[in-house]
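The values are calculated or read from the model by the stated rules, or taken from the named source; none is laboratory data. Please read all numbers here as calculations on a predicted model, not as lab measurements. FYI the Cβ positions are ideal-geometry reconstructions off the backbone, even for glycines, and counts take in every protein chain you see. Heads up: the accessible areas ignore ligands, DNA and RNA and are worked out on the full protein's heavy atoms, side chains in. Shrake-Rupley method; radii C 1.70, N 1.55, O 1.52, S 1.80 Å.
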Amino acid sequence: AQKVTQAQTEISVVEKEDVTLDCVYETRDTTYYLFWYKQPPSGELVFLIRRNSFDEQNEISGRYSWNFQKSTSSFNFTITASQVVDSAVYFCALSGRVGGRDDKIIFGKGTRLHILP
Amino acid sequence: EAGVVQSPRYKIIEKKQPVAFWCNPISGHNTLYWYLQNLGQGPELLIRYENEEAVDDSQLPKDRFSAERLKGVDSTLKIQPAELGDSAVYLCASSFRDTVSDTQYFGPGTRLTVL
């Protein structure tokens, strides 16, 4: 069975600090995809990144970076120099691949991030 | 480009009443999803459509929930009758499914309160 664990329920940091959100996943699929979504107070889930299981390169996008480690089944997300606008709930998610197409996405319970001014 | 549109944004009803939610996906997206999100939890899939066909409705409580996607574009999710435990946010998402890509884009959701 597939599972996504976000052990950090809530994190608070002061603005400009770096913060890392942890994500650990379980799957038996050899091909799978990992996602991060941001859910601000408005409620809409905003897509941040999609990474396939064969690409372990870390990715950086502005202040955001992602560290994918297959050996530890982790896909952690780091925000550098955090800003108040980064305050939101962040979800890590996992989907497998069935018959050449992505299977349904399984979401973690989310980490609520508070950036304090 | 317009995102996924959902209406209403908020709905308050009494238990045993019917309720319906509407979703308009991103233009050109052939796959549509309805999710349920309880407070403090991640979204959970209720049903997935590929064009007009419901290809995964295993998590949809069919005794009271129904959905349709006529003409393969807009979709409606209905609950009849609503129960107190149905209070949650109902999210719609869409994607263009091909052999290599299936990133889902979400709407703002409908927050349902059942009294």
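Would you mind listing how long the range A:39-117 runs along its three principal axes, going by Cα atoms, in whole Å with the largest first?
Projected onto its principal axes, the Cα set of the range A:39-117 covers 47, 26, 20 Å.
From the alpha carbon gyration tensor of the range A:4-78, can you work out the equivalent ellipsoid semi-axes (sqrt of 5 times each eigenvalue) and give them in Å, largest to smallest?
In descending order the semi-axes read 22, 14, 13 Å.
Taking Cα atoms of the range B:56-115, Rg/Rh with Kirkwood Rh, to two decimals?
So for the range B:56-115, dividing Rg by the Kirkwood Rh gives 1.01.
Pop out the carbon and sulfur fraction of the accessible area of chain A as a percent, whole number, probe 1.4 Å.
In chain A, the share of accessible area belonging to carbon and sulfur is 49 percent.
Any chance you could check the range B:27-44 for residues losing 10 Å² or more of accessible area when the partner protein chains are in, compared with the chain on its own (1.4 Å probe)?
Listed in order, they are B:TYR35, B:GLN37, B:GLY40, B:GLN41, B:GLY42, B:PRO43.
Please report, in debye to the nearest 20, how large the charge dipole of the protein assembly as shown is about its Cα centre when each Lys and Arg carries +1 at its beta carbon and each Asp and Glu carries -1 there.
Dipole of the protein assembly as shown, to the nearest 20 debye: 400 debye.
Taking a probe of 1.4 angstrom, what is the accessible area of A:LYS38 in Å², to the nearest 10?
Surface open to solvent at A:LYS38 totals about 30 Å².
Determine the equivalent ellipsoid of chain B by diagonalising the alpha-carbon gyration tensor, then write out the semi-axes as square roots of 5 times the eigenvalues, largest first, rounded to whole Å.
Whole-Å semi-axes of the equivalent ellipsoid: 23, 14, 13.
Just from the alpha-carbon atoms, what are the Rg and Dmax of the range B:5-44 in angstroms?
In Å, with Rg to one decimal and Dmax whole: 12.8, 37.
A:THR20 to A:SER61: extension gain in nm, 0.36 nm per residue of separation minus the Cα-Cα distance?
13.3 nm
To the nearest 10 square angstrom, what accessible area does A:LYS3 show with a 1.4 Å probe?
Accessible area, nearest 10 Å²: 100 Å².
Determine the alpha carbon to alpha carbon distance for each of A:LYS38/A:LYS70; A:LYS3/B:LYS78; A:LYS16/A:LYS38; A:LYS16/A:LYS70; B:LYS16/B:LYS71 and list only those over 25 Å.
Long pairs (Cα-Cα over 25 Å): A:LYS3/B:LYS78; A:LYS16/A:LYS70; B:LYS16/B:LYS71.
Percent antiparallel among DSSP beta bridges with both residues in chain A, to the nearest 5?
90 percent
Just flag the chymotrypsin sites (Phe, Trp or Tyr not before Pro) in the range A:45-117 sitting in loop per DSSP whose Cβ has no more than 15 other Cβ atoms within 10 Å.
A:PHE54
What are the semi-axes of the equivalent ellipsoid for the protein assembly as shown, taken as the square roots of 5 times the Cα gyration tensor eigenvalues, largest first, in whole Å?
Computed over the protein assembly as shown, the values are 30, 22, 16 Å.
Evaluated at 10 °C with a viscosity of 1.306 mPa s, what Stokes-Einstein diffusion coefficient in µm²/s does the range A:19-63 have when Rh comes from the Kirkwood expression over alpha-carbon pairs?
The Stokes-Einstein estimate is 126 µm²/s.
Probe 1.4 Å, all protein chains in place: accessible area of A:ILE105 in Å², nearest 10?
Approximately 10 Å² for this residue.
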